[in-house]
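Since the structure comes first, as structure tokens, the remarks are kept for the end.
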Amino acid sequence: MRCVITFGTFDLFHYGHLRLLERASECGDKLYVGISSDAFSAKKKGRLPVYNEFERMSIVSALSCVDGVFLEESMEAKRKYLSEYNADVLVMGCDWQDKFDELKDICDVIYLDRTVSISSTEIISRINTDYKF
Ligand code: C2G
């Protein structure tokens with residue numbers, strides 16, 4: 001049973017997130033997703049996500065390609081999570097290219113192409129410019 005893990009904030013869930021998760025699930029038999037906690041997201045992005053951690057976990061865990069979710073509390077805790085799940089593969093988008101290669105001693109590390117011209121930040125700016133009522 002090949003276990004795949006990926007991590008992310010997955011705020012304002014969008015098509016780029018979906019494509020990443022679907023392709024990650026094709027890298028193995030089970031896919032578990034570490035959802036950044038609100039506190040970790042605020043530290044990483046300098047602001048709280050629009051959707052809180054409960055909402056983001058609920059949305060991602062509802063996807064047919066996802067077998068489970070857990071809270072990701074820090075960037076440094078990856079090795080712990082990967083060991084706890086006995087993960088065979090870590091999959092991340094290429095904006096993280098080479099950033100997690102030090103984990104190659106415990107699992108394969110795959111970086112997938114990002115989906116262009118969509119991001120949570122892009123969605124917020126589109127709303128601010130085109131949907132200001
Ligand atoms: N992603 C993508 N295409 C996009 C946007 C995001 O493929 N247009 C991918 C990212 O590369 C990442 C995943 O979707 O692998 C989640 O993206 P974010 O929610 O932005 O997550 P991030 O802030 O990169 O958090 O410990 C790692 C971090 O938790 C990753």
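Evaluation of Ile106 against the conditions (1) at pLDDT 95 or above; (2) within 14 Å of the ligand (Cβ to nearest atom); (3) open to solvent by less than 80 Å² (accessible area, probe 1.4 Å); (4) β-branched (Val, Ile, Thr) shows that the sole unmet condition is (2). Somewhere in segment 42-50, is a residue surrounded by 15 or more Cβ atoms within 10 Å (Cβ to Cβ), in a loop (DSSP other than H, G, I, E, B) and modelled with pLDDT of 95 or more? So far as segment 42-50 goes, yes, one or more of its residues are surrounded by 15 or more Cβ atoms within 10 Å (Cβ to Cβ), in a loop (DSSP other than H, G, I, E, B) and modelled with pLDDT of 95 or more. Considering only segment 33-42, I want to know if a residue exists there that is more than 12 Å from the chain's Cα centre (by Cα) and closer than 17 Å to Val4 by Cβ. The answer is no; no qualifying residue exists. Of all the residues in segment 11-41, those that are in a helix (DSSP H, G or I), in contact with a strand residue (DSSP E or B) (Cβ under 6 Å, 6 or more places away or on another chain) and basic (Lys, Arg) number 1. Among the residues of segment 57-72, is any exposed (fewer than 11 other Cβ atoms within 10 Å of the Cβ), of a type in the set (D, E, K, R) and within 11 Å of the ligand (Cβ to nearest atom)? Looking for residues that are exposed (fewer than 11 other Cβ atoms within 10 Å of the Cβ), of a type in the set (D, E, K, R) and within 11 Å of the ligand (Cβ to nearest atom), one finds none in segment 57-72, hence no. Just one of the listed residues (Ala39, Ala24) is among the hydrophobic types (A, V, I, L, M, F, W, C) and either within 12 Å of the ligand (Cβ to nearest atom) or within 15 Å of Ala87 (Cβ to Cβ) (or both), namely Ala24. Within the set Leu71, Leu82, Leu63, the sole residue that is part of a strand (DSSP E or B) and at pLDDT 95 or above turns out to be Leu71.
Just so you know, in segment 1-10 the residues that are assigned to a loop (DSSP other than H, G, I, E, B) and more than 6 Å from the ligand (Cβ to nearest atom) include one that is most open to solvent (accessible area, probe 1.4 Å), and it is Met1. Residues in segment 64-82 that are among the hydrophobic types (A, V, I, L, M, F, W, C) and either over 10 Å from Phe7 (Cβ atoms) or touching a helix residue (DSSP H, G or I) at 6+ places or on another chain (Cβ under 8 Å) (or both): Cys65, Val66, Val69, Phe70, Leu71, Met75, Leu82. Cβ-Cβ distances below 9 Å connect the following pairs, each with a first residue in segment 112-131 that is farther than 24 Å from Cys27 by Cβ, a second residue that is open to solvent by 50 Å² or more (accessible area, probe 1.4 Å) and within 10 Å of the ligand (Cβ to nearest atom), and a separation of six or more residues or different chains: Thr121/Lys45.
The values are calculated or read from the model by the stated rules, or taken from the named source; none is laboratory data. Because the structure is predicted, anything quoted here is derived from the model rather than measured. No Cβ is skipped: glycine too gets one built from the backbone with ideal geometry, and neighbour counts run over all protein chains shown. What goes into the accessible areas is simple: the full protein's heavy atoms, side chains included, and nothing from ligands, DNA or RNA. Shrake-Rupley method; radii C 1.70, N 1.55, O 1.52, S 1.80 Å.
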